[in-house]
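Everything on this sheet refers to the single structure shown next.
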Amino acid sequence: MGRWLRVLRLLISKEFAVELRGKEYTTLLFCTTLVIGALIGAGVSSAVLDAATTTKIYPMLVWVVFLITTTTSSARASETELDGRGFEGLLLAGVTGAQLYLSKVAVTTVMFFITWVLLLAVTSAALDQTLSPVYGTLLALGAGAALTLSALVVLVSGVAGTSTLRGVLMPLLTLPLIFPLFFAGVEITTECLLYGALTEGSIWPGVITVLCAAFLLVGVNSYEAVVKG
Amino acid sequence: MNSKTPTIWHSLATVVAFLLVACAQYYVFMVVPNEQVMGAVQRVFYFHVASALACYAAVGVVFVASLTYLATRKDGADLLSVAAGEVGFVLCTVVLATGMIWGHSAWNTWFRWEEPRLVTFLVLWLIFLSFTVLRNFGDPAKTAVHGSVLGILGAITVPIVYVSIKFLPQSARLHPEVIERGGLKDPSYWQAFGLSVVALLALSAVLVWVRYWLGSIEYRLRIGCDEGERVV
């Protein structure tokens, strides 16, 4: 078990090093978030909505931007290894599919979480929303959502990465599967903004947990098959 | 299943399925009386619910066939998964179309986002659509594995979608719960409903078999098998 975790830690370090060297994925993710966040802000302000209406639609807007930017930007998540046959090399060296998958999920979760924080900052400023009283809850929600989303995105990027339609296929395969995350995210954000906290006994954190567990379970058990074919 | 030329039993099963559909249509349009509130539009219920049940069955077949393919790598399981996925997509389209026809008559709107079953079927339709697109545009060397993983992900997401929409606060539960509330008082309603369900299930099974058979022919052409050689 100790060796297994040591290999996983090394893989996570490698993933971070590769990403920090190239910065392509980071640049794409953050720039798309900023551009779409700014566009949404400009669009909503042009509609001259009152403050209460803007607060009502804010959770939906934030989640639409978050899910679209992360899924469209993630077509390249496994590209380096798929193009350079890096997966075969790692698997031949004794690394398991589960370790590969979990290392990619860890790095993608961090990237998505930073994207979430950036998005909250941009959209709250653009749409004049006060998030400071509920920032802790929204950050915890972002962490859970980032893990759930990356558990799916890493698996699907392995599927879409070798397709001729890779850029288009990624959101097409991912978005229908994350509807429960979208509903849960919007409901939790709305509860936070309208009532100042998450309602006691809310089932939505449970929905995210179940979805995350299901995606991780499928990913850990099938990622090796996905990359090997 | 066998990839050989269809036998007399296959042809017989096809004829029986089409006869059942014809009987169901006769019952629905000629025997069953008009429903008091909805009138003639209520007749869409028989095809709507029967298609929905057949669609759920298709999801189940995709799930089991995908798991079997990943575990055994038998090409027959992959062909079955493709066939059930494509037939499921058609059935799901029928459910959405008939649901919208009914909804426009009952609610004066084509679609209600508050309604769990409608949204579940829309998501299911999108999942079947992505499954079909992947099968056509995926990496040919890996499509079988990738399609199986997507089939499993789709099948486990559908119940979570259904449950999550049920908990949405604005959910008005507009969908009629005919069976749950002991509706269909007239015996002819039950006969037509039962016949429609059996007919649609039989027709779906035949369509899945035909698609499986076509898939096995494509497969043999691709790998250059002799005519009559078994795929599985």
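How about the stretch B:32-72: which of its residues are in a helix (DSSP H, G or I), touching a helix residue (DSSP H, G or I) at 6+ places or on another chain (Cβ under 6 Å) and at pLDDT below 85?
Within the stretch B:32-72, just B:V41 meets the criteria.
Pick out, from the stretch A:1-110, the helices (runs of 4 or more DSSP H) lying fully within it that include 3 or more residues that are within 24 Å of A:T164 (Cα to Cα).
Ranges flagged: A:24-46, A:51-73, A:79-83, A:86-92.
Test A:A140 against the criterion of being in a loop (DSSP other than H, G, I, E, B) and either more than 9 Å from chain B (Cβ to nearest Cβ) or farther than 30 Å from A:L91 by Cα (or both), and give yes or no.
No: the conditions fail for A:A140.
Out of B:H104, B:H10, which single residue is farther than 25 Å from B:E218 by Cβ and not acidic (D, E)?
It is B:H104.
Residue-by-condition table, conditions (1) among the aromatic types (F, W, Y); (2) touching a residue at least 24 places away in the same chain (Cβ under 8 Å):
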| position | (1), (2) |
| --- | --- |
| B:V41 | no, yes |
| B:Y46 | yes, yes |
| B:V64 | no, no |
| B:D78 | no, yes |
| B:C92 | no, yes |
| B:L96 | no, yes |
| B:S105 | no, yes |
| B:R117 | no, yes |
| B:T132 | no, yes |
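Tally the residues that are at the interface with another protein chain (Cβ under 7 Å from one of its Cβ atoms), surrounded by fewer than 21 Cβ atoms within 10 Å (Cβ to Cβ) and part of a helix (DSSP H, G or I), restricting the search to the stretch A:184-213.
1
Given the conditions (1) within 30 Å of B:V145 (Cα to Cα); (2) in contact with a His (Cβ under 7 Å, 6 or more places away or on another chain), and given that B:V64 satisfies all but one, which numbered condition is not satisfied?
B:V64 satisfies every listed condition except (2).
Let's see how each residue does on (1) crowded, with 20+ Cβ neighbours inside 10 Å; (2) within 14 Å of another protein chain (Cβ to nearest Cβ); (3) among the charged types (D, E, K, R):
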| residue | (1), (2), (3) |
| --- | --- |
| B:P33 | no, no, no |
| B:A40 | no, no, no |
| B:V61 | yes, no, no |
| B:T68 | no, yes, no |
| B:G76 | yes, no, no |
| B:V82 | yes, no, no |
| B:V87 | yes, no, no |
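Look through the stretch A:144-162, keep the residues that are surrounded by fewer than 24 Cβ atoms within 10 Å (Cβ to Cβ) and out of contact with any Ser or Thr (no Cβ under 7 Å at 6 or more places or on another chain), and return whichever of them is nearest to the other protein chains (Cβ to nearest Cβ).
Ranking the qualifying residues of the stretch A:144-162, first place goes to A:T162.
Could you say which residue among A:T123, A:T130 is out of contact with any helix residue (DSSP H, G or I) (no Cβ under 6 Å at 6 or more places or on another chain), over 26 Å from A:L8 (Cβ atoms) and more than 9 Å from chain B (Cβ to nearest Cβ)?
After applying the criteria, what remains is A:T130.
Suppose we filter the stretch B:154-164 for residues that are facing another protein chain (nearest Cβ under 7 Å), more than 13 Å from B:F63 (Cα to Cα) and among the β-branched types (V, I, T); how many remain?
Qualifying residue count for the region: 2.
May I ask you to list the residues in the stretch B:112-153 that are over 20 Å from B:L53 (Cβ atoms), of a type in the set (D, E, K, R) and either within 7 Å of chain A (Cβ to nearest Cβ) or in a helix (DSSP H, G or I) (or both)?
Correct list: B:R135, B:D139, B:K142.
The values are calculated or read from the model by the stated rules, or taken from the named source; none is laboratory data. No experiment lies behind these values; they were computed from the predicted model shown. Cβ atoms come from the backbone with ideal geometry, glycine included; neighbour counts cover every protein chain shown.
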